[in-house]
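Data block below; observations after.
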Amino acid sequence: MGFRVCITLHRLIISVFFLPIASAFNPSYPAVFNFGDSNSDTGGYVASAVAFQLGPLFGETYFHKASGRFCDGRVIIDFLMDAMGLPFLNPYLDSVGAPNFRKGCNFATGGASVLPPNVTKYPSFSFRVQVSQFVRFKARAINLLAEGKKVGKYLPPKHYFTRGLYMLDVGQNDLDSAFDSKSEDQVIAFIPTILSELENGIQRLYNEGARNFWIHNTGPLGCIPRIIATFGKNASNLDQLGCISSHNLASRIFNTQLHDLCTKIKARFPDAIVTYVDIFSIKWNLISKFSQYGFKEPLAACCGYGGPPLNFDTRIACGATVNLNGTNVTANACSNTSEYVNWDGNHYTEAANWHVAEEILAGNYTDPPLSTTGHIYK
């Protein structure tokens, strides 16, 4: 009981005073360039979609207003940037207000997949498009600086692009979409196609001078409340945690092959540093041992509708009000987000993201170990 109290108090301190994670991680990267989906989107999708907005609940815990993040507060990359002593990344697609890109740029957008949108169900910017956006961003930045434009304090100098860190967190939406039309065996057989496209993008980044890669594997897809609500009507589909077995198996196989790809990239580009980050294991441990980390709800959505066990209804999104069976109902947020692992049925809470970032920075879930890569760049 004492341990639980300590953990809860610790999370309360973090949430109230917004202290950075205590970590020896202090790499000398001058800038970070991030690619991915909603797990690391800091406002790109909202900036790109005129008809789509995230309400103030998405940001209430830390920003106290809508932040463009698919979370009640900060996402994992926010904590990692803070640990590196760098500012939060501005989204490439949000140019209003002249954001500062000197320390990096975020190309991640919610719903993004590795494969093009015509292959997946999410109409968002694929990894290939994000890499193309980066190539244009780099060229424009270098040209503007060479012309002597007064933008030096807003754009990264040329050598930042070689010495910077390139972070990737994408692939979950490809697996998610595949299960809508494919059997478990077909999804698994489809994984090499996804990773081939990812490899092409990494090759292009390398050709542009990228040498420091930080690649997240995908989390336990089968433990997302939306997936459980959709595929869990038959109890035989559930594993020991109440998650969807097929989706988690596909996630594990995807991660094994992604790790192999990282090894392949290291061999092909010996001057590159490739760090593989095992997000799956961190999140699996969090969900399976949630009470040890001060959480009370491992699978239920904090912001949702329907009550236990998932508090999620596919017909209503977090913060929305709809008419169900003649009655107007609203998907409200829970009173204490730090007790929940899941935020809105699809994404993690700030408290869970803080835990994941803390585990990453402890150095036990990276290959090679973080202690051997944290202070190195080429």
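Distance check, please: which entries in Lys65/Lys149; Lys182/Lys233; Lys264/Lys289; Lys103/Lys283; Lys103/Lys264 exceed 25 angstrom between their Cα atoms?
Correct reply: Lys65/Lys149; Lys264/Lys289; Lys103/Lys283; Lys103/Lys264.
Could I have the simple spin-label model distance between Asp239 and His159, label points 7 Å from Cα toward Cβ, reported in nm to one decimal?
4.6
Please compute the contact order of the stretch 2-367 in relative form: average sequence separation of alpha-carbon pairs under 8 Å and at least six residues apart, divided by the residue count, as a percent.
17
Translational diffusion coefficient, Stokes-Einstein: compute it for the stretch 244-378 using the Kirkwood radius over C-alpha pairs as Rh, at 37 °C and 0.692 mPa s, and state it as an integer in µm² s⁻¹.
191
Checking the a/c ratio against 1.5 first, then a/b against b/c, what shape does the Cα gyration tensor give for the chain?
Working: a/c = 1.45, a/b = 1.35, b/c = 1.07.
Because its axes are fairly even, with a/c under 1.5, the chain counts as rounded.
Between Val96 and Ala267, how many nm apart are label points set 7 Å from Cα along the C-beta direction?
5.0
How much length is gained on full extension from Leu145 to Ala49, taking 0.36 nm per residue of separation minus their Cα-Cα distance? Please list the in-between numbers first.
Values: separation 96, 0.36 × 96 = 34.56 nm, distance 3.02 nm.
So the chain would gain 31.5 nm between Leu145 and Ala49.
Which whole-number percent gives the relative contact order of the stretch 239-371, counting Cα pairs below 8 Å spaced six or more residues apart?
Result for the stretch 239-371 is 21 percent.
What list do you get for Val32, Val96 if you sort them by fewest beta carbons within 10 Å?
Details: Val32 25, Val96 6.
Listed from fewest to most nearby Cβ atoms, that is Val96, Val32.
Please compute the length gained on full extension between Asn325 and Ser196, using 0.36 nm multiplied by the number of residues separating them and subtracting their Cα-Cα distance.
Roughly 41.8 nm would be gained on extension.
What does DSSP give for the stretch 2-367 in terms of the percent of beta bridges that are antiparallel, rounded to the nearest 5?
Approximately 30 percent, going by the DSSP bridge assignments.
How high is the relative contact order of the stretch 33-176, given as a whole-number percent (alpha carbon pairs under 8 Å, six or more residues apart)?
29
At 7 Å along the Cα-to-beta-carbon direction for both Asn336 and Lys289, put a label point, then send me their distance in nm to one decimal.
2.2
No value in this document is a laboratory result; all are computed from the given coordinates. Predicted, not measured: the structure shown is a model, and the values here were computed from it. Neighbour counts run over all protein chains shown; Cβ positions are idealised from the backbone, glycine included.
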